[in-house]
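**Q** To start, I am sharing the structure in question, which I have written as structure tokens.
The values are calculated or read from the model by the stated rules, or taken from the named source; none is laboratory data. This structure is a prediction, so every number in the text was calculated from the model and none was measured. Ideal geometry is used to build each Cβ from the backbone, glycine not excepted, and the neighbour counts take in all protein chains shown. The protein model used for the area step is the full one, side chains on, heavy atoms only, and it has no ligands, DNA or RNA in it. Shrake-Rupley method; radii C 1.70, N 1.55, O 1.52, S 1.80 Å.
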Amino acid sequence: MKRRDFLLTAGLATITPLMLPLLCRSHEEASDKPERIVVLLELKGGNDGLNTVIPYRDPAYQRARPRLAIREGPLLGEDLMLHPALASLMPVLKASRMAFVLGVGWPQPNRSHFKAMDQWATGSASGEGPGWFAAALARKRRSRTLVALGPSGSPALEGSDGLSVQMQPVWQHNPHAGKTRLPAVDPELAGDNAMLRSMLELEASGQAEVLRLLDSLGDLPQGLTIPRGSLGAQVAMALRLIGAPSPPAVIGLEHSGFDTHSQQIPRHNQLLIELADALVCFDAGLRRMNHRPKVALLAISEFGRRLNQNASGGTDHGSASVALLMGDHLPGRIVGRYPSLGDLDARGDLIPHVKPTDLYESAMTSWERLGGLMVL
């Protein structure tokens, strides 16, 4: 069995020997609230940014998508329109608690999902190295935990000296089950095998952190309606972690299914409805919390889709897409400018102009660094 498979079975992920001192921190150290919590929401599969924030007045958009062009939806300005499935987010947007980032991505990204996700996870064009958020916390000497709530984990939260754990989806519906069903990990079973003993000790330490998190969950705000489905359950658990006495520094969420090569209109519509419902719930939960840390949510996808529709009623892997920001003290509603639909790269893709690492840095520190790009 691969080590990562073992960790996922146990509900854990990526534990290194340097994490042991972090798990031994005192109660007083663990009770200090972090100044800022980052929530990374990965829209897996390659979200079609062109049909999310839509340049509906651009003739090139209409020509390239005779069957897929979105022609009605909430207006975001003279030239941009929001997909109608996201209409419920308009009050959050108008309250300056949400913004869209236009033209974000890597120049000429690898069109492989795996390579592109590695690029986003590591914050490097090579796609190699530790997870960006794990490494950033290590550089800042922050000892807070990173928690992945999605079913496949989040490599952006793994691979450095910090403690990264994954909570199984079933625990999000019933945290008590997580506390009672964690498999026992006994380092003594390793006998004289020093390597196995070390590994089991690390698993036991990570398991202790999962139990600590489950024991300290905050209550959900009263009157909050949690959407059905995996993303709704993840949002509910994220809110409970944020409301805990010692919340994680980074929380990873996952919303999958955006690889819309065919039947894009109904599939993308449903995915965006689920996304909007979850984000409305998340924003409402944050606004009802007292004495919480600042929260920054960043929703990204490994790449966008191509400008031209394909013959199967969908779109294929492309380049620049749209990211979404949500949280406290956003200085505007639109970041950057829309890539030109008439000036494409050598492969016929949109040319990005906002670096993923700029978004990451802003989520970790302050949205103000993006202030110069805010256009609406």
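**Q** Rounded, prolate or oblate, given the Cα gyration tensor of segment 280-370, with a/c below 1.5 counting as rounded? Intermediate results must be reported in sequence, preceding the final value.
**A** Numbers: a/c = 3.17, a/b = 1.97, b/c = 1.61.
Prolate, since a/c reaches 1.5 and a/b exceeds b/c.
**Q** Same structure, new question: Ranked highest first by average number of other Cβ atoms within 10 Å, how do 238-248, 43-53 line up? Don't skip to the answer; put the middle values down first.
**A** On the way: 238-248: 21.9, 43-53: 25.1.
Descending mean neighbour count gives 43-53, 238-248.
**Q** What list of ³J(HN,Hα) values in whole Hz, one per residue of segment 327-340 in order, does the Karplus curve 6.51 cos²θ - 1.76 cosθ + 1.60 (θ = phi - 60°) give from phi, with Gly and Pro shown as x?
**A** x, 8, 6, 6, x, x, 10, 10, 10, x, 10, 6, x, 5
**Q** Of His291, His353, His329, which has the most accessible area with a 1.4 Å probe, and how do the rest follow in descending order?
**A** Numbers: His291 175, His353 60, His329 135 Å².
Heavy-atom accessible area, descending, gives His291, His329, His353.
**Q** Along segment 222-239, what does the Karplus equation 6.51 cos²θ - 1.76 cosθ + 1.60 (θ = phi - 60°) give for ³J(HN,Hα), rounded to whole Hz, x for Gly and Pro?
**A** Karplus values, whole Hz, x for Gly and Pro: 5, x, 7, 9, 8, x, 6, x, 4, 5, x, 5, 5, 4, 4, 5, 4, 5.
**Q** Arrange the residues Lys355, Lys140 by how much accessible surface each exposes, largest first, with a 1.4 angstrom probe. Mind dumping the intermediate values first?
**A** Values: Lys355 130, Lys140 85 Å².
Solvent-accessible surface, decreasing: Lys355, Lys140.
**Q** Counting other Cβ atoms within 10 Å of each Cβ, which trypsin sites (Lys or Arg not before Pro) in segment 64-103 have at most 12 and sit in a DSSP loop? Could the numbers behind the result be given before it?
**A** Details: sites: Arg67, Arg71, Lys94, Arg97; in loops: Arg67, Arg71, Arg97.
Counting only loop positions with at most 12 other Cβ atoms within 10 Å, the trypsin sites (Lys or Arg not before Pro) in segment 64-103 are Arg67, Arg71.
**Q** Another one. So what is Rg over Rh here for segment 224-298, counting just Cα atoms and using Kirkwood for Rh? Numbers along the way, then the final one.
**A** On the way: Rg = 14.0 Å, Rh = 13.5 Å.
Reported Rg/Rh, Kirkwood definition of Rh: 1.03.
**Q** Got a number for carbon plus sulfur as a percent of segment 195-270's accessible area, 1.4 Å probe? Before the final figure, lay out each step's value.
**A** Values: 1640 of 3020 Å².
Summing carbon and sulfur atoms, their accessible area is 54 percent of the total for segment 195-270.
**Q** So, taking all protein chains as they sit and a 1.4 Å probe, how much accessible area belongs to Arg36, in Å² rounded to tens?
**A** 40 Å²
**Q** To continue, here is another question. Ranking request for peptides 87-93, 102-108: highest mean number of other beta-carbon atoms within 10 Å first, then the rest in descending order.
**A** On the way: 87-93: 17.1, 102-108: 21.4.
Going by the mean number of other Cβ atoms within 10 Å, highest first, we get 102-108, 87-93.
**Q** Based on the mean of other Cβ atoms within 10 Å per residue, sort peptides 150-156, 297-303 so the most packed one is first.
**A** Working: 150-156: 21.0, 297-303: 25.4.
Ranking, from highest mean packing down: 297-303, 150-156.
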